[in-house]
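Bear in mind these aren't lab numbers, they're just calculated from the coordinates by the rules spelled out. Please read all numbers here as calculations on a predicted model, not as lab measurements. Don't worry about glycine lacking a Cβ; one is built from the backbone with ideal geometry, like all the others, and counts go over all protein chains shown.
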Amino acid sequence: MLSLPTTTASPSTPLHVLHSTDPPHKLLQSHPSLALLSNCRSPQTLRQIHSQIVKTGLHNSQFALSKLIEFCAVSPFGDLPYALLLFESIKHPNLLIWNTVIRGHSLSDSPSLAIQLFVRMVSTGIVPNCYTFPFVLKSCARSGLANEGRQIHAHVLKLGLGSDAFVHTSLISVYAQNSDLESARLVFDKSSHRDAVSFTALITGYASKGLMDDAERLFDEMPTRDLISWNAMIAGFSQSGKYYEAVETFRKMQRIGISPNESTLVSVLSACAQSGRIDLGSWIHSWVDDKGMDSNLRILNALVDMYSKNGNLEKARFLFNSIQHKDVISWNVMIGGYNCMNYHREALELFRRMLKSPVMPNDITFLNVLPSCACLCALDLGKWIHSYIDKNLKNITSTALWTSLIDMYAKCGDIVAAEQVFHGLELKSLASWNAIISGSAMHGRAEKALQLFREMLNEGFRPDDITFVGVLSACSHAGLVELGRENFSLMVNEFKISPKLHHYGCMINLLGRVGLFDEVESMIKSMDMEPDEAIWGSLLEACRTHRRVQLGETVAKNLFKLELNNPGAYILLSNIYAEAGRWDDVAMIRRKLNDEGMKKVPGCTSIEVNGVVHEFLVADKAHPQSERIYKMLAEIDHLLDKSGYEPDTSEVLSHELSFNLSFFLVARIGNDKAALSKLLVEEISEDGIGVANL
DNA sequence: GTAGGGTTAG
């Protein structure tokens, strides 16, 4: 093993190393071990080179040590903790070595350590120079330390280094990146020598705040625009949602003969992805192929994202598969691509493949995967993700991930776990309140949802339109007419939120269910938008419940205008006729359904058992265990009959639920009849047919 | 012997 270098020369130290009069370049030439560093690609090689240096006594020269530290601190194949260890072994490091370790930390995951080192350096009496400040200021920018940035600015002025071009740009950059545009502008204006770099630093500041008009004005003022300043404009437009401008700027840049590089293309492709410009995106793809840039990871990731966001999943997957060394973003964009097309099964499958790869998932991976868990009721996987986050991503400050977990638990039927996550949050966000309120509403806990809503208001949160969807759907589920009206008016009058279709939907569902059809009518008249299929559908259901044949016909007519081929709506109407004894009309609808060849979309359900998601269609026999499942299903039907349960045959749901239940039982307890009947009795006695908690 | 501005997933 290696020992740390010492400052005393070993007996084997070759004499020529000690000739301090040797110029450094000569030392470099005469020592192949230092030259080896430039080809070092692994920690093993690094250790070998170091031991070589120690063996030859080269570590006794500060020059050799500083070269080694530089490599460890800055190279992507280096090792920053190792650099620090070497650094700490030096009694009196010179300014260059200080600068090197500060630079190394300014690039690391914890740039604030660079500032601590800077303070230490100054306190030992070493005066920083114009190389020190760009590193330190970059650290302030990257760690968001605005006050430290200001203090260091004062230090710069005291030392008279404010006119150094590098220090100057770093000052603009630190203010710009800390959103202090006024100070950034002041520093920029005060200087006489403005080059493309300082212009771009300020432009980036404006762009990051979405102030693209100011950015553009500066860009126009620039005496010479280089590639990076064009890139800054394109990225700025793209990141502030001005995709058209991003694309146009890219075109203009090409017209004047500036060739794009990786950064340009990544930004333009992102703009294409988000604005549906698959034409330009594909053109860039072929351009990239021509230029031999088709193995560039970032460009490939951006292409996968562009294709998948625009529905071309095949092409996206083909490119994704072609990537040799995928990084976390490659996986995230592909999983996200499946998700935004509602291909949840595929998303989860890919996620499981990712877990077998060497790439570690991050918070964004989970933000992409959790909605799929929610959609497929993949509770086991959701729970696994939860514990993974607890173990490995504790430092995640964003509440989005926790909100996503709350949503997943609620949608997978585990409202208790959803509440546990919610109450465990140190900092609750509006979104997390929204998730727990809708979750409670979803589970029929209207009182709980409304109580949470009151707590949220008491804690000073301002509800948004999504909050009220949760609140109103809670009222709607529980038939709380008065509270529904109150909250609707609270939303409109107190919080000045104009109702959207969802809100009207909740109210119309609520009013319709209790038969307040006059109020429904005046609400529909008051809407400044057309009711959608869901609204007419829920109203048609209300007409059936309250046997309002005539109104039902009107509602159905409106529904058919929007959904020509929804057999469910025709069946609902035929049920209304049947209950009114209008058998001719029933027959007429049946004929129509036959003539038009309308078929009901088969009911589909899924369940996750031991980490595998199983999907079933009604009457589907494709599952390998389907014989056992149907046997169990018959048994459950029998037991349900015996317990006096009468299924509502107008709903397919109950069948699906018992189907799921039976599969669950087959998979979990096999053929143990005693256990089965015990479980069933518990399930049935608990809350009717309580399968939601599976 | 070191250095400043632009880069995709959410």
**Complete:** Under the Karplus relation with 6.51, -1.76 and 1.60 and θ = phi - 60°, whole-Hz ³J(HN,Hα) for segment A:342-350, x at Gly and Pro, equal 6, 8, 5, 4, 5, 4, 5, 4, 5
**Request:** Rank-order A:427-440, A:298-311 by packing density, defined as the average count of other C-beta atoms within 10 Å over each peptide's residues, highest first.
**Result:** A:298-311, A:427-440
**Fill in**
For the residue A:74, residue A:163 Cβ pair and Förster radius 25 Å, calculated FRET efficiency rounded to 0.05 is 0.40
**Whether segment A:102-234 is rounded, prolate or oblate, judged on the alpha carbon gyration tensor where a/c under 1.5 counts as rounded** = prolate
**Separation between Cα centres of segment A:373-434 and segment A:209-239, rounded to whole Å** = 40 Å
**Prompt:** Dipole magnitude of segment A:450-553 about its Cα centre, charges +1 at Lys/Arg Cβ and -1 at Asp/Glu Cβ only, in debye to the nearest 20?
**Reply:** 220 debye
**Message:** Order these by the 10 Å Cβ neighbour count, fewest first: A:570, A:338, A:388, A:175.
**Reply:** A:388, A:570, A:338, A:175
**Request:** Please order A:132, A:399 by the number of other Cβ within 10 Å, starting at the fewest.
**Result:** A:399, A:132
**Item:** Separation between Cα centres of segment A:339-358 and segment A:559-583, rounded to whole Å
**Value:** 40 Å
**Asked** In segment A:68-121, which trypsin sites (Lys or Arg not before Pro) are in a loop and have at most 11 other Cβ atoms within 10 Å, using DSSP for the loop call?
**Response** A:91
**Complete:** Under 15 Å by backbone N from the virtual spin label 7 Å along Cα-to-Cβ at residue A:179, the residues of segment A:187-217 are A:205-211
**Request:** In whole angstrom, note down how far apart the Cα centers of segment A:184-200 and segment A:467-511 are.
**Result:** 54 Å
